[in-house]
Amino acid sequence: MNHDEIRKEVSDWLDANWSADRALIEWRNILLEGGWAAPNWPEDCFGRGYDAEQAAVVSDVFAEKGAVGAAQVGPRRLAAETILVHGSDDQKKRYLPPILTGEHAWCQLFSEPGSGSDLAGASTKAELLDGQWIINGQKVWNTSAHHADFGILVARTDWDLPKHQGLSYFLINMRQPGVEARPLKQMNGHASFNEVFMTDAIVPAEDLMGGEGNGWAIATTTLSIERQGFARGRTPTVSRTAEEGPIYQEFAAELEIANEPYTWYPQREGRVDLVLPRAKETGAIKDPAVRQEIARLICLSSGARLAAASAAAQRKSGSNEVIPAGSIGKLGASIIARQAAHVHTMISGSDAMLSGQESAAKGMIAETLISVPAISIAGGTDEIQRNIISERVLGMPKEQRSDTGPFRDIKRNVT
C-alpha cells in the first residue's frame with residue numbers, strides 16, 4: 001500500500017471506531033484487534049507488517065485525529081521489542097498484548113552492584129528446581145522497578161561455563177513476595193532508579209526466553225534497542241484536553257506515572273537548547289572564547305543528528321548492524337553533554353552552582369551540571385562504547401582478557 005492508501009484506511013477506521021468516551025483499556029484492545037497498536041510489527045504479532053515510513057503515516061493520522069495510541073513509554077518498550085525478536089509464540093501471545101494496552105508495566109533487571117558495565121559478570125543466580133527457576137540476587141539502577149508488573153532479567157544458570165555462556169534471560173513477575181524494589185535518591189533530587197532484591201523469587205519454566213545459556217545474545221538485542229530507540233515509529237502526540245473525554249484523563253494519568261522517571265533526562269543530555277538563549281541573556285555571547293565553544297557544541301550536535309539519520313537509513317535498508325551504530329550515537333551523546341556542561345559553566349560562572357528560582361535558569365543549569373555525568377554511565381559506559389566501536393566498526397583487535405574460563409573461578413568484585 002502507498003502512503004495515501006494507508007492514510008485513507010486508518011482515517012476511515014478511526015472515524016468508525018475512535019471515541020474519547022471509551023475507557024483507555026477498552027480502546028486499546030480495539031486497537032490491538034485492528035492491528036493499529038503496533039502497525040510495523042508482523043501481522044502474526046498484532047501488527048500490519050508496515051515499514052518505518054508507513055508506520056509514521058499511521059502515527060500522523062492518529063495525531064491529527066487526537067486519537068490515543070498504544071502504551072509506549074518506559075522499559076515496556078525494551079521488553080516488547082526483545083520478546084518480539086526472541087520470545088516463543090506463547091510468550092508473545094501472553095506478554096505483548098498487555099504491554100500494548102498498558103495493563104502491564106515493565107522494568108529492566110541487568111546491572112548489579114558488582115557488575116555494572118560488565119553485564120556478562122552478573123552473578124544473580126537462577127536454579128532450576130522442581131520445574132521452575134528460583135532466583136536469588138540483587139540488581140541496581142532499575143528504572144521504574146517500584147511500579148513494574150514484570151521485568152526482563154539476566155541471571156546466571158551455569159557457573160562452570162565462561163561468563164558470557166552461562167547467562168540466561170527470564171521474564172519475571174515483579175509482584176511476587178520474593179521481589180523487593182527500593183528507590184534510590186539521586187544527587188539531582190530525583191529518584192528514578194531502584195535497587196531490586198530477589199530472594200527465592202520464582203520464574204516458571206515457560207518464562208525462560210530463548211533457551212538456557214542464550215542470555216548474553218538476547219541481552220545484546222535489548223541493549224541495541226535501548227541505544228537505538230523504539231523501532232515502532234513515532235509516538236502520536238495528543239493535544240486535546242482531559243475535559244474532552246474520559247480517555248484523555250486516563251491517558252494523562254498513565255503518562256504522568258510513566259514519564260516521571262525521565263523528567264531529568266533532558267538535563268543529563270546537557271540542555272543544548274538553553275545555551276544560545278543563556279549566552280544572549282547574560283551577554284556571554286560577546287566573549288569570543290565562549291562563542292568558540294558554543295560553535296563547537298553546535299557542530300557536535302549537528303554531526304550527531306547526521307549520524308543518527310545515517311543509522312536510520314542503514315536500518316531502513318535492512319542492515320542488522322545496529323549495535324555499533326547505537327554505540328556511536330551513545331558515545332556522541334556523552335561528548336555533547338559534557339561540552340554543553342562546559343559551555344553552561346563558562347556562561348553562568350559561579351551562578352551555575354546555585355539552585356532555586358533566583359538562580360541561573362531557575363536552577364536548571366545547576367541540575368544539568370550534576371545530571372550530565374549520568375549519560376556517560378547509563379546504557380553502557382563510554383569505555384564500553386569505545387571498545388564496541390574499535391572492534392566492530394574499525395576492526396581493531398580485541399583487548400586481552402583475564403576473565404576467561406569457568407565463571408566460578410574468576411575473581412569478582414564481591415565481599
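Of everything listed in (1) in a helix (DSSP H, G or I); (2) of a type outside the set (A, V, I, L, M); (3) under 19 Å from E212 (Cβ atoms); (4) more than 16 Å from the chain's Cα centre (by Cα), the single unmet condition for P97 is (3). Filtering Q165, Q186 for residues that are more than 20 Å from the chain's Cα centre (by Cα) and either of a type in the set (V, I, T) or in a loop (DSSP other than H, G, I, E, B) (or both) leaves a single hit, Q165.
Looking only at residues of region 218-251 that are small (G, A, S) and surrounded by 15 or more Cβ atoms within 10 Å (Cβ to Cβ), we find that the one that is modelled with the lowest pLDDT is A231.
Among the residues making up region 15-36, those that are in a helix (DSSP H, G or I) and over 29 Å from the mean Cα position of the chain (by Cα) are D15, A16, N17.
Exactly one residue out of D89, D44 is over 22 Å from the mean Cα position of the chain (by Cα) and within 23 Å of C107 (Cα to Cα), and it is D89. Taken over region 116-138, the criterion of being buried (at least 21 other Cβ atoms within 10 Å of the Cβ) and under 22 Å from D382 (Cβ atoms) is satisfied by L119, A122. Screening S59 on (1) farther than 27 Å from N142 by Cα; (2) outside any loop (DSSP other than H, G, I, E, B); (3) more than 21 Å from the chain's Cα centre (by Cα) shows it passes everything except condition (3). Can you say whether K286 is farther than 28 Å from G189 by Cβ, modelled with pLDDT of 95 or more and charged (D, E, K, R), as far as the supplied structure shows? Criteria met by K286. Would region 135-152 turn up any residue that is under 20 Å from E212 (Cβ atoms) and not in a strand (DSSP E or B)? No, region 135-152 contains no residue that is under 20 Å from E212 (Cβ atoms) and not in a strand (DSSP E or B).
The values are calculated or read from the model by the stated rules, or taken from the named source; none is laboratory data. A quick note: this is a predicted structure, and the numbers were derived from the prediction, not measured. For neighbour counting, all protein chains shown are included, and Cβ atoms are generated from backbone atoms with ideal geometry for every residue, glycine included.
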